[in-house]
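Some notes on the structure that comes next.
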Amino acid sequence: MNRKHPKIQRQIRVRKKAVTVSDRPRLTVFRSNNYVYAQIIDTTGKTIVGISEKALKADAKLKPVERARLVGAEIAKLAVAKKVKDVAFDKGRFAYHGRVKAIAEGAREGGLNL
């Protein structure tokens, strides 16, 4: 895929807004077919904390959206431990729906301000 591909253009557009509008670190979300990943990245590009659904070892009987909510809550707990409260939400090329939305809601419940 090159920069003209619609998914890449959408990702660049969303990331540019998350980086230039705010001086807060960004909560970046990646969603694969099997797992979801979340990272908090500071303005210089250094990862502060990160977690994946694989590392969470959640109950396999939970639905994917429920597991994503747990990932959001866990990333919030790790971020608060590192004294990060305010973040900009970077959904990347993914729609704010389903598992991506569940991560954001879990992060809000965990104490992050998005």
For segment 28-48, does any single residue satisfy the condition of being of a type in the set (Lys, Arg), buried (at least 18 other Cβ atoms within 10 Å of the Cβ) and touching a helix residue (DSSP H, G or I) at 6+ places or on another chain (Cβ under 7 Å)? yes
Looking only at segment 72-114, which residues are modelled with pLDDT of 95 or more and β-branched (Val, Ile, Thr)? Ile75, Val80, Val100, Ile103
What pairs can you find where one residue is in segment 53-74 and within 13 Å of Val29 (Cα to Cα), the other is of a type in the set (Asp, Glu), and their Cβ atoms are less than 6 Å apart, with a gap of 6+ or different chains? Val71/Glu53
List pairs: first in segment 20-32 and free of Cβ contacts under 8 Å to residues at least 24 places away in the same chain, second not aliphatic (A, V, I, L, M), Cβ under 9 Å, 6+ apart or cross-chain? Asp23/Thr43
Any residue at all in segment 98-114 that's under 16 Å from Ala18 (Cα atoms) and assigned to a strand (DSSP E or B)? yes
Candidate set from segment 67-89 (those that are assigned to a loop (DSSP other than H, G, I, E, B) and out of contact with any Pro (no Cβ under 8 Å at 6 or more places or on another chain)); member that is surrounded by the fewest Cβ atoms within 10 Å (Cβ to Cβ): Lys83
For segment 54-66, does any single residue satisfy the condition of being at pLDDT below 95 and part of a strand (DSSP E or B)? no
Residues located in segment 16-53, provided they are assigned to a strand (DSSP E or B) and aliphatic (A, V, I, L, M): Leu27, Val29, Val36, Ala38, Ile40, Ile41, Ile48, Val49, Ile51
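The values are calculated or read from the model by the stated rules, or taken from the named source; none is laboratory data. Quantities reported herein were computed from a predicted structural model and do not represent experimental measurements. For neighbour counting, all protein chains shown are included, and Cβ atoms are generated from backbone atoms with ideal geometry for every residue, glycine included.
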